[in-house]
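*Asks:* Sharing a structure, written as C-alpha cells. Questions coming.
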Amino acid sequence: GPPGSGKTRTISAAVFKWCELKQTAWLTCQSNIGVKNIAESLINNGFTAFKLLVSKEFYSSWHESVYVNVKDNLITLEDLPDRSEDLRYTLRNHPVMLCTLSMMSNPSL
C-alpha cells in the first residue's frame, strides 16, 4: 500500500497480539527502510523483544545513521553463528525477527 495507509501500524498491532498469544514471528519487507520503520514503530510502542537482521556492509558502509534508534536490536548477518544449533540458541529469546526478503535467501538462515 501507499505511504500513510497504516501498514506499519497494522503490523505493530499484530506483533503485540502474537506475543500475547506466545507466538513467534519472522517479519520481512522488500526494503530495509520498511523493516526499519517497523522496528522503530515497535520501539516507540514500548516493544523491544525483537532483533533486526542486516548485512554488516549495508549497515556500516552505507546506512548506519538510519538505524540509530534501533541499534541495540541489530544483529549483522556476519555476526550470526555458522552452526544451526548455535543460531537457534542466539535467536531463541527473541520472539520477533525482522529482515528483508533478500536476507531470507542467505544460507546462514
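*Asks:* How many lysine pairs does the chain hold where the Cα atoms are under 23 Å apart and the two sit 8 or more places apart or on different chains?
*Replies:* Eligible lysine pairs with Cα atoms under 23 Å apart amount to 13.
*Asks:* Can you give the accessible area of S105 in Å² (nearest 10), computed on protein heavy atoms with a 1.4 Å probe?
*Replies:* Looks like 90 Å² after rounding.
*Asks:* Here's a follow-up. Please return the longest range in the chain lying between exposed loop sites, taking trypsin sites (Lys or Arg not before Pro), DSSP loop only, at most 15 other beta-carbon atoms within 10 Å, and leaving the sites out.
*Replies:* For trypsin sites (Lys or Arg not before Pro) (loop position, at most 15 other Cβ atoms within 10 Å), the longest site-free span of the chain is 23-82.
*Asks:* Right, next: Is the shape of region 1-59 best called rounded, prolate or oblate, per the rule: a/c under 1.5 gives rounded, else a/b larger than b/c gives prolate, else oblate, with a ≥ b ≥ c the square roots of the Cα gyration tensor eigenvalues?
*Replies:* oblate
*Asks:* Okay, helix-only estimate at 222 nm for the chain: each DSSP H run of n ≥ 4 adds -39500 (n - 2.57), divide by all residues, round to 500 deg cm²/dmol; what do you get? Before the final figure, lay out each step's value.
*Replies:* Values: 4 runs with 39 residues, N = 109.
Result for the chain: -10500 deg cm²/dmol, rounded to the nearest 500.
The values are calculated or read from the model by the stated rules, or taken from the named source; none is laboratory data. Since this is a predicted model, take the numbers as computed values, not measurements. Ideal geometry is used to build each Cβ from the backbone, glycine not excepted, and the neighbour counts take in all protein chains shown. Note: areas computed on protein heavy atoms with side chains; ligands, DNA, RNA excluded. Shrake-Rupley method; radii C 1.70, N 1.55, O 1.52, S 1.80 Å.
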